[in-house]
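Student: For reference, the structure I am asking about is given below.
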Amino acid sequence: MNSKTATLYIVATPIGNLGDMSARAIEILRSVELILAEDTRHAGILLREFDIATQCWSYHDHNEEKQLPSVIERLFNGSDIALISDAGTPLISDPGFTLVRAAHRQGIMVSPIPGASALTTALSASGLPTDRFSFSGFLPAKAGPRQRLLASLKSESQTLVMYESSHRIVASLNDLVEVMGPDRYIVIGRELTKKFEQFYCGSAVTVRETICSADNHQKGEFVLMIAGQTDVSPEHTEVVRFLTLVNAEVSVKTASQLAAKWFGGKRNDYYDLAMSLRKGEVKSD
């Protein structure tokens, strides 16, 4: 590594509430010689709020190839640089991948400054399993590719997470109902950390009805989370009866372990069903 090489900082910024800006992020943005921002006008609002006077360059998907050599050269010459996105953690459905990869290949130190992310923020409050999840970024804009993606994920057992925009949320929910079925359990987080933050939980068709019921439900930015498909069907009478009986005597965790030993399969699949039975979301005969 060149002894003069500086550090490329990947700095997370708030996704809505400016109170989520970390003290460390402010310190880094004040101390670097250059900030790379997806939109300098948007970044300017944030920088002025925290009295950050650092020079700011535009850096996004459309000019990355042109800007990259100059950025790498400045890093080699000893200039610390920070990369930010319009909101949240850079590179999570935002530009920057090419720069970070190039920095690693050139032996330049890359240091993340953690903070807000719509992905983890939504998941943490979703009530869905978070031990395993799949993130697909923004859903395709066109119906055909969007439906094909949803179909390819239909049988996945982990929680599925996607981003969606206000002008496509209804169309995406229509496709979700059609492809994965009206009863698939979903959670949507809207305008996270902002004044009108809201979560919608329930079957796909029920959440769609709620979103369509008023224009204000369709405004803002959305994180769509879909419950994974389980290998155990609620209509499996023997399993439901077994879990209903043991649920009354032991914990949900123990009930799911016993079911896995008796019927075979993964404990987590039975755990979700046992929890649904306990909550009354699935009825036994």
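The values are calculated or read from the model by the stated rules, or taken from the named source; none is laboratory data. Small disclaimer: the values here were computed from a predicted structure and weren't measured. When we count neighbours, we look across all protein chains shown, and the Cβ atoms used for this are built from the backbone with ideal geometry, even at glycine.
Student: Looking at the structure I just gave you, is I81 among the β-branched types (V, I, T), closer than 24 Å to Q198 by Cα and in contact (Cβ under 8 Å) with a residue 24 or more places away in the chain? Talk me through it step by step, then tell me what you get.
Tutor: Values: among the β-branched types (V, I, T): yes; closer than 24 Å to Q198 by Cα: no; in contact (Cβ under 8 Å) with a residue 24 or more places away in the chain: yes.
So I81 fails the test.
Student: What tally of residues in region 46-65 results from selecting those that are part of a loop (DSSP other than H, G, I, E, B) and of a type outside the set (S, T, N, Q)?
Tutor: The first filter runs over region 46-65 and keeps only residues part of a loop (DSSP other than H, G, I, E, B), leaving 50-55, 59-63.
Within this subset, residues satisfying the condition of being of a type outside the set (S, T, N, Q) are 50-53, 59-62.
Residues meeting the conditions: 8.
Student: To continue, here is another question. Restricting attention to region 104-136, which residues are farther than 15 Å from I81 by Cα and of a type in the set (A, V, I, L, M, F, W, C)?
Tutor: Those that are farther than 15 Å from I81 by Cα and of a type in the set (A, V, I, L, M, F, W, C): A116, A118, L119, A122, L123, A125, L128, F133, F135.
Student: Okay, next question. List the number of the failed condition for L149; all other conditions in (1) outside any helix (DSSP H, G or I); (2) under 28 Å from D86 (Cα atoms); (3) outside the structural domain of T13 (by TED's automatic domain parsing) hold.
Tutor: Status for L149: all satisfied but (1).
Student: In region 187-216, which residue that is among the basic types (K, R) and touching a helix residue (DSSP H, G or I) at 6+ places or on another chain (Cβ under 8 Å) is surrounded by the fewest Cβ atoms within 10 Å (Cβ to Cβ)? Walk me through it before giving the result.
Tutor: Filtering region 187-216 for residues among the basic types (K, R) gives 190, 194-195, 208.
Now restrict to residues that are touching a helix residue (DSSP H, G or I) at 6+ places or on another chain (Cβ under 8 Å): 190, 208.
Details: R190: 24, R208: 22.
Among residues in region 187-216 that are among the basic types (K, R) and touching a helix residue (DSSP H, G or I) at 6+ places or on another chain (Cβ under 8 Å), the one surrounded by the fewest Cβ atoms within 10 Å (Cβ to Cβ) is R208.
Student: So which residues in region 120-146 are of a type in the set (K, R) and outside any loop (DSSP other than H, G, I, E, B), if there are any at all?
Tutor: Taking region 120-146 first, the residues of a type in the set (K, R) are 132, 142, 146.
R146 - this is the single residue of region 120-146 that is of a type in the set (K, R) and outside any loop (DSSP other than H, G, I, E, B).
Student: Is there a residue being farther than 25 Å from M21 by Cα and of a type in the set (D, E) anywhere in region 63-70? Give the derivation first.
Tutor: Start the filter on region 63-70 by keeping residues that are farther than 25 Å from M21 by Cα, which leaves 63-70.
Filter once more, keeping what is of a type in the set (D, E): 64-65.
Yes, the conditions are met somewhere in region 63-70.
Student: Given the criterion within 30 Å of G19 (Cβ to Cβ) and either outside the structural domain of S70 (by TED's automatic domain parsing) or of a type in the set (G, A, S) (or both), identify the matching residue among S111, S155. Outline the logic, then answer.
Tutor: Numbers: S155 fails: within 30 Å of G19 (Cβ to Cβ).
Step by step, each of S111, S155 is checked, and only S111 is within 30 Å of G19 (Cβ to Cβ) and either outside the structural domain of S70 (by TED's automatic domain parsing) or of a type in the set (G, A, S) (or both).
Student: Restricting to region 1-45, and then to whatever is touching a residue at least 60 places away in the same chain (Cβ under 8 Å) and assigned to a helix (DSSP H, G or I), can you tell me which residue is nearest to V223 (Cα to Cα)?
Tutor: Filtering region 1-45 for residues touching a residue at least 60 places away in the same chain (Cβ under 8 Å) gives 1-2, 4-17, 20-22, 24-25, 28, 36.
Subsequent filtering for residues that are assigned to a helix (DSSP H, G or I) retains 20, 24-25, 28.
Details: D20: 18, R24: 27, A25: 24, I28: 29 Å.
That would be D20.
Student: Restricting to region 114-166, name every residue that is touching a residue at least 24 places away in the same chain (Cβ under 8 Å), polar (S, T, N, Q) and over 29 Å from N216 (Cβ atoms).
Tutor: Across region 114-166, the qualifying residues are S134, S155, S157, Q158.
Student: Among residues belonging to region 70-82 that are part of a helix (DSSP H, G or I) and in contact with a helix residue (DSSP H, G or I) (Cβ under 9 Å, 6 or more places away or on another chain), point out the one that is surrounded by the fewest Cβ atoms within 10 Å (Cβ to Cβ).
Tutor: Our first condition is that a residue be part of a helix (DSSP H, G or I); within region 70-82, this holds for 70-76.
Those left that are additionally in contact with a helix residue (DSSP H, G or I) (Cβ under 9 Å, 6 or more places away or on another chain): 71-72, 75.
On the way: V71: 22, I72: 19, L75: 26.
So, considering only residues that are part of a helix (DSSP H, G or I) and in contact with a helix residue (DSSP H, G or I) (Cβ under 9 Å, 6 or more places away or on another chain), the one surrounded by the fewest Cβ atoms within 10 Å (Cβ to Cβ) is I72.
Student: May I pose another question? Quick check, is I92 part of a loop (DSSP other than H, G, I, E, B) and either over 29 Å from L139 (Cβ atoms) or in the same structural domain as K195 (by TED's automatic domain parsing) (or both)? Full working, then the answer.
Tutor: On the way: part of a loop (DSSP other than H, G, I, E, B): yes; either over 29 Å from L139 (Cβ atoms) or in the same structural domain as K195 (by TED's automatic domain parsing) (or both): no.
Spelling it out, it is not the case that I92 is part of a loop (DSSP other than H, G, I, E, B) and either over 29 Å from L139 (Cβ atoms) or in the same structural domain as K195 (by TED's automatic domain parsing) (or both).
Student: Only one of (1) of a type outside the set (F, W, Y); (2) part of a helix (DSSP H, G or I); (3) over 30 Å from A23 (Cβ atoms); (4) under 19 Å from the mean Cα position of the chain (by Cα) fails for S166. Which number is that?
Tutor: Failing condition for S166: (2).
Student: Would you check which residues across region 192-218 are in a loop (DSSP other than H, G, I, E, B) and more than 28 Å from S276 (Cα to Cα) and list them? Explain how you work it out, then say what you get.
Tutor: Let us first name the residues in region 192-218 that are in a loop (DSSP other than H, G, I, E, B), namely 192-197, 213-214.
Once the filter is applied, which keeps residues that are in a loop (DSSP other than H, G, I, E, B) and more than 28 Å from S276 (Cα to Cα), region 192-218 yields T193, K194, K195, F196, A214.
Student: Quick test for you: out of V100, V11, V110, pick the one residue that is β-branched (V, I, T), surrounded by fewer than 21 Cβ atoms within 10 Å (Cβ to Cβ), under 21 Å from the mean Cα position of the chain (by Cα) and modelled with pLDDT of 95 or more.
Tutor: Result of the check over V100, V11, V110: V100.
Student: Which ones in region 184-215 are of a type in the set (S, T, N, Q) and within 18 Å of T159 (Cβ to Cβ)? Before you say what the answer is, go through the steps one by one.
Tutor: Filtering region 184-215 down to residues of a type in the set (S, T, N, Q) leaves 193, 198, 203, 206, 210, 213.
The answer is S203, and nothing else.
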